[in-house]
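Here's the structure we're looking at; comments come further down.
The numbers here are math on the coordinates, done by the rules we state, and not lab data. From a predicted model like this one, the values you see are computed outputs, not experimental measurements. For neighbour counting, all protein chains shown are included, and Cβ atoms are generated from backbone atoms with ideal geometry for every residue, glycine included.
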Amino acid sequence: MSDRLKVAVIGAGHLGKHHARLLGGLDGAQLVAVADIDAERARTSASPAGARATTDYRELFDTVDAVSIAVPTELHHQVALPFLERGKGVLVEKPMARSVAEADELIAAAAKTGSTLLVGHTERYNPAVAAVWPIVSSPRFIEVHRLGSFPDRSLDIDVVFDLMIHDLDIILAMVRSEVASFEAVGVPVLTSKYDIANARLRFANGCIANVTASRISRERVRKIRFFQPDSYISIDYAEQEVEGWRLVRRADAERPGIEGGRLPVVREEPLKRELLDFIGAVRDNRRPLVTGEDGRRALALAQQIAERMESV
């Protein structure tokens, strides 16, 4: 491996163009190619870094150390698998595949060749999430609102896989307990897929999470709130802001007091942090923050929620 990791981006659409933009300027990485079925789109993302543009990702099998895959979900398995089988590092956008079976094949291929597999649950790299990780210790109730206006992308999948899956990943990582039961409801409003959904999850340790996702709202909201004994923590993903409040008991006071306020957060682009983790994981042969197993777990829960909505 050369001094810089030779990386390609496959898929230069809404997300992929940002992968290419950042990889073109990151230390430790050299963006050598961008692949997209639209030749002009590939050229537009490749040219600032002097990278090669191609319409066929298969030309890159033997010329790169790692790839960042941002094609439609239905193609994730097809594109990622041959790179993993060749021992290349793979970052694949969420959801990692169309099914748990496909996710298992990707995980197995990565294990067999020892390649890095990172799933792009970008909110895990949000500085606001990183700031609360040490203090969210025993959440008992979690409230999530992820609302956005009607998009021009990802309309081939339910809002559960498009938006809610971000928060499912965060919740699973924070609660660290198995889901014991759940209720779910979804409504197709502007498409044949579910455009708004709500799930209420009950974990084996007693924690309950109420998760709402919508892509038909007039306002954009990205918030998650944690309630645990003696404390309350609120994250605004979009603004990268955190508030924390806790109950303080004093021996010389009749009643406990409440202390807290805004917590310090060093703002940074989450996708940049994700790509840096990916580059470091491939180069150092270490586990990334979000593994294939993490991606599979979030996908499995999202599928269960979607199936429950279909049965209502």
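Highest first, please rank the peptides 290-296, 144-150, 264-270 by the mean number of other Cβ atoms sitting within 10 Å of their residues. Working shown, then result.
Numbers: 290-296: 22.0, 144-150: 18.4, 264-270: 13.3.
Per-residue mean Cβ counts within 10 Å order the peptides as 290-296, 144-150, 264-270.
Just to be sure I understand: with springs between alpha-carbon atoms less than 10 Å apart, which residue in Ala128, Ala39, Ala197 has the highest mean-square fluctuation in the Gaussian network model of the chain? Result: Ala39 has the largest fluctuation of those listed.
In the calculated pair-distance distribution of segment 32-130, the portion above 18 angstrom amounts to 50 percent of the Cα-Cα pairs. Rounded to whole Å, the principal axis extents of the Cα atoms in the chain read 71, 46, 39, largest first.
For segment 118-217, the calculated P(r), taken from all Cα-Cα distances in 10 Å bins from zero up to the bin holding the longest distance, is 15, 44, 33, 8, 0 percent. Listed peptides 11-21, 171-181 appear in the order 11-21, 171-181 once ranked by packing, highest mean of other Cβ atoms within 10 Å at the front. Which pairs, out of Lys94/Lys193; Lys17/Lys223; Lys17/Lys112, put more than 21 Å between their alpha-carbon atoms? The answer is Lys17/Lys223; Lys17/Lys112. Subtracting the Cα-Cα distance of Thr55 and Ile135 from 0.36 nm times their residue separation leaves 24.2 nm of extension gain. Segment 35-96 and segment 167-205 have their alpha-carbon centroids 31 Å apart.
Classification of segment 159-312 by its C-alpha gyration tensor yields an oblate form. The axis ratio a/c (a ≥ b ≥ c) is 1.5 or more, and b/c is at least a/b.
Quick check: net charge around Val282, other residues with Cβ under 12 Å of its Cβ, Lys/Arg +1 and Asp/Glu -1? Don't skip to the end; give the middle numbers.
Numbers: positive: Arg4, Lys6, Lys88, Arg283, Arg286, Arg287; negative: Asp65, Asp277, Asp284.
Taking every Cβ under 12 Å from that of Val282, the sum is +3.
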